[in-house]
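Since the structure comes first, as structure tokens, the remarks are kept for the end.
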Amino acid sequence: MKMEYKQHFAAILYGAFDQQLEEETIYQMIEKPKLMSHGDLAFPCFALAKLRRKAPQKIAEETANAIDDPLFVKVEADGAYLNVFLNKQQVAADVIKNVLNERENYGSQNIGNGGVVTIDMSSPNIAKPFSMGHLRSTVIGNSIALILEKTGYKPVKINHLGDWGTQFGKLIVAYKKWGNEEKVRKNTIKELLQLYVTFHEKVDQNPSLEDEGRQWFKRLEDQDTEAMELWKWFREESLKEFNRIYELLGITFDSNQGEAFYNDKMDRVVHLLEGNELLTESEGAQVVDLSDDEMPPCLIRKSDGATLYATRDLAAALYRKETYHFVQSLYVVGNEQSLHFQQLIKVLKKLGYDWADGMHHISFGMILKDGKKMSTRKGKVVLLEEVIQEAIELANTNIEQKNPNIEDKNKVAKSVGVGAVIFHDLKNHRNNDVEFSLEDMLRVEGATGPYVQYTHARASSLLDKGLTKINVNQPILLQDDEAWPVISEIMMFPEIVERAVKSYDPSLVAKYVIDLAQAFNKYYGNVRILEDEQQKFSRLALVKAVSVVLKEGLRLLGISAPKEM
RNA sequence: GUCCCAGUAGCUCAGCAGGAUAGAGCAACAGCCUUCUAAGCUGUGGGUCGCAGGUUCGAAUCCUGCCUGGGACGCCA
């Protein structure tokens, strides 16, 4: 989506430069000056200087004199830069009107043309606690889905549950050896985790446990009754716990088909690979050789005949393509698995499936503890549910202290607590590793979710008190200089959404919403919005526009915006 | 050993489709609530942009090498 003012400037320059540069090139070169004294849009003349063999300063000067347009209040040469100053009052009125007309659709655009995008996300492992790492996948995937939807795609959120694999063999062994039915029934995940940890402690002394685990997993794959029953039980109880968390986060899925769903779809993959003569034997296992692509081989079948992660993901990719006819298929999975996805895509390409080009690994950094990866095996995990509950508690305390008379206190506390946790996860680029810090997650001041929510609540309160019905057709005349940075931010929103969808990067939206809130809070601090009857309407129109964009921005992150807090 | 990611203020990070004087938040210090929600605002201090070369009129941004940290690298997912 192009900014219309930038486009306009580019068109004018195109003429002024005697069409020596493509209009599109000019558009790309136009920048937004950091300093207000440098105007609203700027064009550096260096490139043209080379082309014309003329001093850039001179070109800037000559062009400045040649331009005369009602949209520009001033055109100025400053060194080699051509700076233009927009007619702020007119632009402000246009921008606000635009937002008031489009409301929550402001910034929506059709990039996707209705194309389906599957998103493999969340995917917690059965019988293990829902960790901070799964939170990342859940929250990032959800936000990307919302951003995709806003830009004309049809997202399909798939919770690819980790409900299959050798670890269930290990777990069954551990349960049969040291487990206690009553204890597990009472406190499923905690007990199962403990069994898992015990298994790994004992395996050091008794390596044959590994083999036993593998055997039990094989029995599971062969539909052995005892194995299946234990597995089903573990699965159901675990799901109950996960659903409590999804409920808190306000996140739903379009599909809960986990790894086990693909059990009967694995043979087909193996046959397909055989039919294409891609399968070779190596050290007793069946692999796809990828040495031509300078990658290690992709393991398809273990020496005991059992399938692997890659086999399952191949089956899932085929199933998803055939079921959803996706144009893109995203995998929101930690960056330590990047090799796996490179191999996955490569194997599909070798099978002749060019649609695999639409598959993307949306990687994210790890949650570190003392600078190191957290390990489930040692039982060192932080329980997400407890963190969220604590955040909600804190929000509650704040409400009691600052604004105890509002309606729906519990609902608001939940929104703000969850908002803090989600925002904390999304505000930085997803590929950064993050050191786990409860203190940071619970923070509500500065660049946080609650800060943005608070700003929105302030705006809402003004609109309530202003009592003026906002009539879209009434002329808007903003005379405050302080309003301009706010307008300038509002103007950016569509471009931010576009960049966010193209780079699968919710943090752009999170940063944007902070910038807008900051700009608005400055305005709020400097201008009494409800005092001057003459200007009240125009100012409230700005406030309304801000509240619409803040709310929509937060929504794209999966965070709600209460009217009071 | 090979490959991937990161290194910017005391801390957490933006900026990296090259552009003007490198920005936020936190922490520290100093102010602002009888007036629209102080979860806020204003101000001060704080920088060899890991190091060394190269490309360019111009490099935190692009290229190469090195250093440091993290991760991945066949029967886990």
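The values are calculated or read from the model by the stated rules, or taken from the named source; none is laboratory data. Here the structure is a predicted model, which means the values were calculated and not measured. When we count neighbours, we look across all protein chains shown, and the Cβ atoms used for this are built from the backbone with ideal geometry, even at glycine. We work out accessible area using only protein heavy atoms, side chains counted, and drop any ligands, DNA or RNA first. Shrake-Rupley method; radii C 1.70, N 1.55, O 1.52, S 1.80 Å.
What the table shows:
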| quantity | calculated |
| --- | --- |
| Among (1) assigned to a loop (DSSP other than H, G, I, E, B); (2) open to solvent by 20 Å² or more (accessible area, probe 1.4 Å), the one test that A:GLN534 misses | (1) |
| Candidate set from the stretch A:303-317 (those that are assigned to a helix (DSSP H, G or I) and not aliphatic (A, V, I, L, M)); member that is nearest to RNA strand B (Cβ to nearest atom) | A:TYR309 |
| Odd one out for A:SER338, checked against (1) touching a His at 6+ places or on another chain (Cβ under 7 Å); (2) crowded, with 20+ Cβ neighbours inside 10 Å; (3) within 23 Å of A:GLN167 (Cα to Cα) | (2) |
| Hits in the stretch A:1-23 (condition: charged (D, E, K, R) and more than 26 Å from A:SER488 (Cα to Cα)) | A:ASP18, A:GLU22 |
| Test for A:MET266: is it open to solvent by less than 50 Å² (accessible area, probe 1.4 Å) and in a loop (DSSP other than H, G, I, E, B) | no |
| Qualifying residue in the stretch A:447-462 (condition: outside any helix (DSSP H, G or I), open to solvent by 20 Å² or more (accessible area, probe 1.4 Å), closer than 24 Å to A:LEU556 by Cα and near RNA strand B (Cβ under 9 Å from one of its atoms)) | yes |
| Meets criteria (within 28 Å of A:VAL156 (Cβ to Cβ) and in contact with a Ser or Thr (Cβ under 8 Å, 6 or more places away or on another chain)) for A:GLU247 | no |
| Strands (runs of 3 or more DSSP E) completely within the stretch A:328-412 that count 2 or more residues being among the aliphatic types (A, V, I, L, M) and more than 8 Å from RNA strand B (Cβ to nearest atom) | A:328-334, A:359-364 |
| Check on A:LYS511, at pLDDT 95 or above, open to solvent by 20 Å² or more (accessible area, probe 1.4 Å) and touching a Pro at 6+ places or on another chain (Cβ under 8 Å) | no |
| Candidate set from the stretch A:144-167 (those that are among the hydroxyl-bearing types (Ser, Thr, Tyr) and open to solvent by 20 Å² or more (accessible area, probe 1.4 Å)); member that is farthest from RNA strand B (Cβ to nearest atom) | A:TYR153 |
| Elements of type helices (runs of 4 or more DSSP H) contained in the stretch A:1-101, each with 1 or more residues being near RNA strand B (Cβ under 10 Å from one of its atoms) and buried (at least 16 other Cβ atoms within 10 Å of the Cβ) | A:23-29, A:46-52, A:56-66 |
| Residue within the stretch A:549-561 that is modelled with pLDDT of 95 or more and on the phi > 0 side of the Ramachandran plot present | yes |
